[in-house]
Amino acid sequence: MQPKLHLALGTHVVLLRAIENQSKHSVAQVVATPCEHSERYTVRCVDGTILQLTRQDFGLRKQFNDPLAGLEQPNLAEQRDWIQYRCVIGSRAYGLDTPESDTDWRGFFVPPANVHWGLAGIPEQYELSETQEHYWEVQKFLTLLLRANPSALECLYSDLVEHASPLALELRAMRHSLLTSRIYQSHNSYVLAQFRLLERDLRTNGSLRWKHVMHLIRLLLSGIHGLRHGELRLRHAEHREQLMAIRAGEMPWEAINRWRIALHAEFEQAYATTKLSILPDLAAANAWLLAVRRAQVA
C-alpha cells in the first residue's frame with residue numbers, strides 16, 4: 001500500500017464550515033500533520049485558536065485565491081492512447097550510441113476535444129523523465145516544426161519510428177514542405193552560442209561535456225546536408241569515427257574548433273545556394289492541424 005501524502009507544515013488553508021468560534025472561510029495554517037493514530041490535521045487560526053480538522057474540513061488557500069488552481073490536468077502516462085507519434089531520437093537515431101546509451105523517445109499527442117476545450121486545459125508538453133519520453137501537444141509540435149526547431153524536425157526525419165497514426169503519417173509525408181532555409185538560423189546560431197559557452201567553461205573549469213560537443217558538430221553536419229539536399233540526415237556514417245572520438249574526449253579541442261569553424265563556412269555557402277524555401281507551406285500545415293482537431297470532436 002502506498003503511504004498517504006500529507007500537506008506540508010505551514011500550508012495555508014481555508015475552513016469550509018464554521019467550527020467552534022471560527023467562521024466559514026477563516027484562514028489557518030497547518031502546524032501538525034496526521035499520525036498513525038489520527039487522521040486529523042492540527043491547524044492554527046489567525047487569532048491563535050488551535051483546531052483538530054479532517055481533510056474534509058478545509059481547502060487550500062491558493063484554490064480560493066485562484067479558483068482554477070484546483071483543476072487537475074490529465075496525466076499523459078495514464079492516457080497513452082493520446083500519443084499519435086512516437087520515435088527514437090538521440091544517439092541511437094544518430095548512429096552514435098554506445099552500450100551505455102539511453103533510449104530517448106519523442107513525439108506528439110492529441111487530446112480529445114472535450115479535454116482540450118475544458119477549463120483545465122492541456123500542457124504544451126509532457127516529459128516522462130522515468131522513461132526518457134518527451135511529447136508535445138500537436139499544435140505546439142507543429143509550431144516548432146514551422147520555426148525549424150532542431151529537436152522537432154529530427155522527430156520527423158528519424159528512421160526509428162515506433163508508432164504513427166494515419167494523421168501522423170500524413171504529417172511525416174509533408175515534412176519536406178515544412179523544411180525551410182530557416183534551419184541556417186536555428187542550427188548554426190545555436191551551435192555558435194553553445195561553443196561560446198563551452199569555451200568559457202573550458203577556461204573556468206578545464207573540462208567539457210564531450211557528448212554535447214559531439215552533438216553540436218553533428219548538428220552542423222545535419223543542417224548543411226539539409227540546405228544542400230532538401231532533407232535532414234540524422235546519420236553521418238562518413239564522420240562517425242571522428243564524432244565518436246569527440247565523444248570519448250580523444251580529439252584535441254583545437255582540432256574540434258578548427259573543424260567547427262570550417263563547418264560554419266560550409267553552412268554559409270550552403271545557405272547562399274540552397275533551393276529550400278524561406279517559408280514553409282503554412283496553408284498545408286494549417287489544413288492538417290484543422291483535420292486533426294476535427295477528428296477529435298466526439
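The values are calculated or read from the model by the stated rules, or taken from the named source; none is laboratory data. Nothing here was measured: the structure is a model prediction, and the numbers come from that model. Because the Cβ atoms are built from the backbone with ideal geometry, glycine has one as well, and the counts that use them run over all protein chains shown. Quick note on the areas: whole protein, heavy atoms, side chains included, nothing else; ligands and nucleic acids left out. Shrake-Rupley method; radii C 1.70, N 1.55, O 1.52, S 1.80 Å.
Observations on the model:
- There is at least one residue in region 129-152 that is touching a residue at least 24 places away in the same chain (Cβ under 8 Å), more than 14 Å from the chain's Cα centre (by Cα) and open to solvent by less than 40 Å² (accessible area, probe 1.4 Å).
- Residues (loosely packed, with under 15 Cβ neighbours inside 10 Å and in a helix (DSSP H, G or I)) located in region 231-242: A237, E238, R240, E241
- In region 250-284, residue nearest to D97 (Cα to Cα) [restricted to those that are part of a loop (DSSP other than H, G, I, E, B) and within 28 Å of the chain's Cα centre (by Cα)]: L276
- Pairs with Cβ under 6 Å, 6+ apart, first in region 175-204 and within 26 Å of L156 (Cβ to Cβ), second buried (at least 17 other Cβ atoms within 10 Å of the Cβ) and among the hydroxyl-bearing types (S, T, Y): S181/T274; Y184/Y271
- Test for A245: is it part of a helix (DSSP H, G or I), small (G, A, S) and open to solvent by 30 Å² or more (accessible area, probe 1.4 Å): no
- Checking D159 against (1) in a helix (DSSP H, G or I); (2) closer than 30 Å to I278 by Cα, the condition it does not meet: (1)
- Where strands (runs of 3 or more DSSP E) fall wholly inside region 48-128, the ranges with 1 or more residues that are of a type in the set (S, T, N, Q) and open to solvent by 70 Å² or more (accessible area, probe 1.4 Å) are 50-53, 125-128.
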